Amino acid sequence: MNGQGEQGSHDGQDASAARTARQAFAHARRVVVKIGSAVLAPGGELSLPRLEALCAQIHAARQRGVEITVVSSGAIACGFRVLGLDAPPTTIVQKQAAAAAGQLRLMLAWEKAAERHGVKVAQVLLVSDDFVDRTRYLNARRVLGELHERGLLAVINENDTVSYDEIRFGDNDALAAHVAGLVGADLLLVLSTAKGLYAHGDASKVIAQVEMDGGSNAAALSQHVTKDKTVTGVGGMASKLHAMGVASALGVHSVIAGGTEPNVITRVLAGEMLGTHFSPAPDAPGAAVGSRRDAWILAGVRVAGRLTVDAGACAAILRRGASLLPSGVTKVEGRFARGATLDVLDEAGELIARGLAAYSDEETRRVMGKRSSEIEATLGYALGEELIHRDDLVVMRRA
Ligand code: GLU
């Protein structure tokens, strides 16, 4: 990471580069705004004035031609008291029940707030499978496009009631980052009770800009994470940083800013230095992905396994964008079916590519290290010469 100074102490080149980067937000055309539970429903009580203030700013941005998609948390926070609980639930089943009760109330509030501006809202509930399955992914994108075409404001949440443990996003920061990839956003704005990423957890020092570098700065960033969740807050800073990493890999800029700061959306979209800006590395794989399909592979909502490759295969993938053949694979990890998303690692364990498996883990284990011409004799059939075909492989690192 490259922390570019704290707010209030910008000087020199870094600060001016950070400012210039922010000014580009005034031209953002497509923005995902994620609003945290603790912003909308502090202590489990929905704050209509806050929702109304945010909605008014969203409306103003839409009037300027900015396409906005909202990811709104708060279903559980708005619902647990309805269940008769005094504190946010901790068990999955109670969270699901609270979300069932709260989602309705949350959306009624959104409708009421949007109505004042003559804006119609639509509720879109997604689960992680909607991102894993390509057909469902395309479908979700089509629906969001149609809603936008017809002038509706889409308000997305995870379908908490039906998403159970292993398949949950669990926090809307990750969901919002994937939605940003889905709609092809220029900017993801995450509004939380924290005013940004605080230097070493010190709330008086908001880091103005962080240049992401494709994942390896995660450790450097984690020094700023403190366990500072509010009562109704779900994600916390660690999950936000993870989400910023996802957005950045997809080539999307993101900002974490205080959801209760006056006019926060308007000011961030005007390029004001509020909160922390996470800028994708110029060579982020997402910045150069050849197609929307590549972006979907890259998003890798559920990576089912990992293949380690030798130096020759690594060079062929990085330099020539070659397919991954069985001969180059030295290690297979995980259990996966054909079509699953796999990470490809070099010998040092660094992620170099992500792609779709042509063979199951069991088949892959049997043919690894062999020549492609031996696949048929080994398995009794062959589905192709590659373990991951180049069309299904997205390179994550420059040669
Ligand atoms: N989907 C959850 C809710 O609406 C919140 C998850 C999150 O805020 O990260 O209550």
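What to note about this one:
- Candidates VAL210, VAL206, VAL162: the one that is surrounded by fewer than 22 Cβ atoms within 10 Å (Cβ to Cβ) and β-branched (Val, Ile, Thr) is VAL162.
- Residues that are closer than 23 Å to LEU298 by Cα and either assigned to a loop (DSSP other than H, G, I, E, B) or among the basic types (Lys, Arg) (or both) within segment 358-395 comprise ALA358, TYR359, SER360, GLY384, GLU385, GLU386, LEU387, HIS389, ARG390, listed in sequence order.
- Apart from one condition, ASP14 fits all of (1) away from the ligand (no atom under 16 Å from the Cβ); (2) within 22 Å of ILE156 (Cα to Cα); the exception is (2).
- The set of residues in segment 39-72 being in contact (Cβ under 8 Å) with a residue 60 or more places away in the chain and more than 21 Å from THR266 (Cβ to Cβ) consists of ALA41, PRO42, GLY43, GLY44, LEU46.
- Candidates ARG50, ARG62, ARG30, ARG19: the one that is modelled with pLDDT under 95 and either of a type in the set (D, E, K, R) or open to solvent by less than 40 Å² (accessible area, probe 1.4 Å) (or both) is ARG19.
- If the condition is being open to solvent by 10 Å² or more (accessible area, probe 1.4 Å) and among the hydrophobic types (A, V, I, L, M, F, W, C), then segment 175-184 contributes only VAL183.
- If the condition is being open to solvent by less than 10 Å² (accessible area, probe 1.4 Å) and aliphatic (A, V, I, L, M), then segment 186-198 contributes LEU187, LEU188, LEU189, VAL190, LEU191, LEU197.
- Residue count, segment 84-110 (criterion: more than 27 Å from ILE256 (Cα to Cα) and more than 13 Å from the ligand (Cβ to nearest atom)): 5
- Restricting segment 317-338 to residues that are in a loop (DSSP other than H, G, I, E, B) and of a type in the set (D, E, K, R), the residue that is nearest to ARG134 (Cα to Cα) is ARG338.
- Residues located in segment 126-155, provided they are in contact (Cβ under 8 Å) with a residue 60 or more places away in the chain and among the charged types (D, E, K, R): ARG134
- Near pairs, Cβ below 9 angstrom, 6+ apart or cross-chain, from segment 90-111 (under 16 Å from GLY170 (Cβ atoms) and open to solvent by 90 Å² or more (accessible area, probe 1.4 Å)) to any residue that is in a helix (DSSP H, G or I) and within 11 Å of the ligand (Cβ to nearest atom): none
The values are calculated or read from the model by the stated rules, or taken from the named source; none is laboratory data. Because the structure is predicted, anything quoted here is derived from the model rather than measured. Because the Cβ atoms are built from the backbone with ideal geometry, glycine has one as well, and the counts that use them run over all protein chains shown. Just the protein is used for accessible areas: all its heavy atoms, side chains included, with ligands, DNA and RNA removed. Shrake-Rupley method; radii C 1.70, N 1.55, O 1.52, S 1.80 Å.
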